[in-house]
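Asker: Sharing a structure here in structure tokens format.
The values are calculated or read from the model by the stated rules, or taken from the named source; none is laboratory data. A quick note: this is a predicted structure, and the numbers were derived from the prediction, not measured. Glycine gets a Cβ as well: all are built from the backbone with ideal geometry, and neighbour counts include every protein chain shown.
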Amino acid sequence: MSELRLHTCGNATLILEKNSVPILATDPWLDIHTAYFGSWCTSHKIPKFHFELLQKVPFIWISHFHPDHLNLRSLLKLKAREKTILLSYQYCNRVAEDLRRAGMKVVILPPRQFINIEDDLDIATFPILSTVDSILLIRFKQNLVINSNDTSWDPSMNFIKKEVAKSKSSLLLKLAGYGDADMINIYDEKSRFIEPIAATKPAPGFLLTSQANKLNCTHAMHFSSFHKYIRKDSLWANKYTTPENDLTRGWNKNIGYFKQFSSILINEKGFMKLPSTYPDKNDIAVQMPQEYGDNWDEELSFMEEKVVINYLNKIEEINKNGFSIKVGKKIISSDRFNIKAYQKYNFILNAPRKSLLRAIRSNIFDDLLIGNFAKIIITNKKTLNFRNTLKIPSKYVDNVRINDAQELKQFLWAYRNSYDSKLTLLKSDLKIRARDIVLSNLIKNTKLLGKLKNFYQKI
Ligand SMILES: [Fe+2]
């Protein structure tokens, strides 16, 4: 009788073994490699047993481009050129192109179609076009595992719910924590730090199980939430990461609990926890910004300044709301605004020279934001959701390769059409708009935002 073993380790790494043969792994990010310009590493070590499975596994599925999921050094260490990389279709297949350029064999899977891996093991994947992320479903003997990593599933809500309904047991693996893994290094116009919502410590167990409940999943496990800050200028953010001893707070007892980094046996009877050793903490050394070429006082050269101005010009071509960038002591704005007029912008991004240039030239602007050593300074009291403006470079310019407002329009049209139900699209639209209004107006009222986050999950 065939059976499946599922192990989770690292940050968002899931390993499948069928009849003791490694079959598939997801998002391998090894504990020896940092991410986001040396800012992050995994919170725990990857046990030797899991590392050996990762070396042998023939298929690797990658959810999205962030380096805690697609870590090129980790892939090369695991000899990924000898394996097959599986990706979901996206509006722009930048990830596939980058990986092929690195010498890897990549297969792009069509959205929402189950592919038979072998015998009774099927997988399906689909994109979340707006965040350039994707979700993986694993189906085995009427059991379903949903690897939702960092993303929500709204565009394929009906598809997932139908698959959950057909399954006897269903396990949701998803990020759910205080919410540090986004740009939270934010200051007001008087240089006062604005506490992130993460400071209110929303109950992680409640956040995860309320989402499992929405899909009618029988089980859930914390996943994709296991990093820490190790760069000297981002160490402060560790205060806002979710401690492992708080992960179960608020857990809905109707949802079956699997501890993070568990091994699970999957067969006709459903899921069964297997004995496993809890991984050790990762003790990687603190990284100095200088190791990554960053010196906060360093200014841009004349030509480098041009590169930054061109990037800002492009952002403004796509979106009316621009922003300025401060490097060293100098504030750089797009051609449309002279330096004295920077106050017209809603915010300034303060970043060190080397990482900023790498982020622009390598199209990894999101990495600069998530690293949380760069700062956002809100200069304008006017209502604005700066995260929406930052989505232009980080998601649309870099990952979707959008160049102007017309291309953005075409992309958003395709995104709206990627929903499997018009009603879900409508609800999702309303939800996002309401959230934007609340976030823009209450950015400095952290406590109230924290309460609203809990209320939002409840409804
Ligand atoms: Fe991510």
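Asker: Please go through (1) under 20 Å from THR34 (Cβ atoms); (2) more than 16 Å from the ligand (Cβ to nearest atom); (3) among the aromatic types (Phe, Trp, Tyr) for TYR89 and return the number of the only condition it doesn't satisfy.
Answerer: (1)
Asker: I've got another one for you. Go over the candidates GLN290, GLN260 one by one and state the one that is of a type in the set (S, T, N, Q) and in contact with a strand residue (DSSP E or B) (Cβ under 6 Å, 6 or more places away or on another chain).
Answerer: The conditions single out GLN260.
Asker: For region 389-423, name all the residues that are within 17 Å of the chain's Cα centre (by Cα) and in a loop (DSSP other than H, G, I, E, B).
Answerer: ASP398, ASN399, VAL400
Asker: Tally up the residues in region 167-190 that are within 22 Å of LYS239 (Cβ to Cβ) and touching a residue at least 12 places away in the same chain (Cβ under 8 Å), please.
Answerer: Result for region 167-190: 14.
Asker: Mind checking which residues of region 351-388 are assigned to a loop (DSSP other than H, G, I, E, B), within 16 Å of the ligand (Cβ to nearest atom) and touching a Ser or Thr at 6+ places or on another chain (Cβ under 7 Å)?
Answerer: Answer for region 351-388, where residues must be assigned to a loop (DSSP other than H, G, I, E, B), within 16 Å of the ligand (Cβ to nearest atom) and touching a Ser or Thr at 6+ places or on another chain (Cβ under 7 Å): GLY371, ASN372.
Asker: How many residues are away from the ligand (no atom under 14 Å from the Cβ) and surrounded by fewer than 20 Cβ atoms within 10 Å (Cβ to Cβ) if we restrict to region 122-140?
Answerer: 1
Asker: Now, a different point. Within the bounds of region 335-344, is there any residue that is assigned by TED's automatic domain parsing to the domain that holds ASN388 and within 17 Å of PHE365 (Cβ to Cβ)?
Answerer: Among the residues of region 335-344, not one is assigned by TED's automatic domain parsing to the domain that holds ASN388 and within 17 Å of PHE365 (Cβ to Cβ), which makes the answer no.
Asker: Restricting to region 152-186, give me the number of residues that are more than 16 Å from the ligand (Cβ to nearest atom), part of a strand (DSSP E or B) and buried (at least 22 other Cβ atoms within 10 Å of the Cβ).
Answerer: Of the residues in region 152-186, 3 are more than 16 Å from the ligand (Cβ to nearest atom), part of a strand (DSSP E or B) and buried (at least 22 other Cβ atoms within 10 Å of the Cβ).
Asker: Just for region 200-233: of the residues that are among the hydroxyl-bearing types (Ser, Thr, Tyr) and surrounded by fewer than 23 Cβ atoms within 10 Å (Cβ to Cβ), which one is farthest from PHE37 (Cα to Cα)?
Answerer: So, considering only residues that are among the hydroxyl-bearing types (Ser, Thr, Tyr) and surrounded by fewer than 23 Cβ atoms within 10 Å (Cβ to Cβ), the one farthest from PHE37 (Cα to Cα) is THR218.
Asker: Ok, one more. Check ASP120, ASP133 and return the single one that is closer than 22 Å to THR84 by Cβ, acidic (Asp, Glu) and more than 13 Å from the chain's Cα centre (by Cα).
Answerer: Step by step, each of ASP120, ASP133 is checked, and only ASP120 is closer than 22 Å to THR84 by Cβ, acidic (Asp, Glu) and more than 13 Å from the chain's Cα centre (by Cα).
Asker: Just checking, which of MET221, MET183 is over 24 Å from ILE378 (Cβ atoms) and not acidic (Asp, Glu)?
Answerer: The unique qualifying residue is MET221.
Asker: Further, regarding this structure: Can you tell me which residue is surrounded by the most Cβ atoms within 10 Å (Cβ to Cβ) among those in region 56-73 that are away from the ligand (no atom under 16 Å from the Cβ) and touching a residue at least 40 places away in the same chain (Cβ under 8 Å)?
Answerer: Taking the candidates together, the pick is VAL57.
Asker: Is it true that ASN254 is in a loop (DSSP other than H, G, I, E, B) and either acidic (Asp, Glu) or more than 22 Å from the chain's Cα centre (by Cα) (or both)?
Answerer: Answer is yes for this residue.
Asker: Let me ask something else. Go through region 408-424 and give me each residue that's in contact (Cβ under 8 Å) with a residue 40 or more places away in the chain and of a type outside the set (S, T, N, Q).
Answerer: Answer for region 408-424, where residues must be in contact (Cβ under 8 Å) with a residue 40 or more places away in the chain and of a type outside the set (S, T, N, Q): LEU408, PHE411, ALA414, TYR415, TYR419, ASP420.
Asker: Taking only pairs six or more apart or across chains, which ones have beta-carbon atoms under 6 Å, a first residue in region 122-136 that is over 14 Å from SER148 (Cβ atoms) and not assigned by TED's automatic domain parsing to the domain that holds LEU390, and a second residue that is more than 13 Å from the ligand (Cβ to nearest atom) and small (Gly, Ala, Ser)?
Answerer: LEU129/SER418
Asker: Inspect all residues belonging to region 211-232 and state whether any of them is farther than 28 Å from ALA25 by Cα and in a loop (DSSP other than H, G, I, E, B).
Answerer: Yes, because at least one residue in region 211-232 is farther than 28 Å from ALA25 by Cα and in a loop (DSSP other than H, G, I, E, B).
Asker: Then there is this: Within the set of pairs 6 or more residues apart or between chains, which connect a residue that is at pLDDT below 75 inside region 428-450 to a residue that is basic (Lys, Arg) and in a helix (DSSP H, G or I) with Cβ atoms less than 8 Å apart?
Answerer: LEU439/ARG387
Asker: Mind listing just one residue for me: the one in region 187-199 that is of a type outside the set (Gly, Ala, Ser) and part of a loop (DSSP other than H, G, I, E, B) and, of those, surrounded by the most Cβ atoms within 10 Å (Cβ to Cβ)?
Answerer: Once the filter is applied, the top-ranked residue is PRO196.
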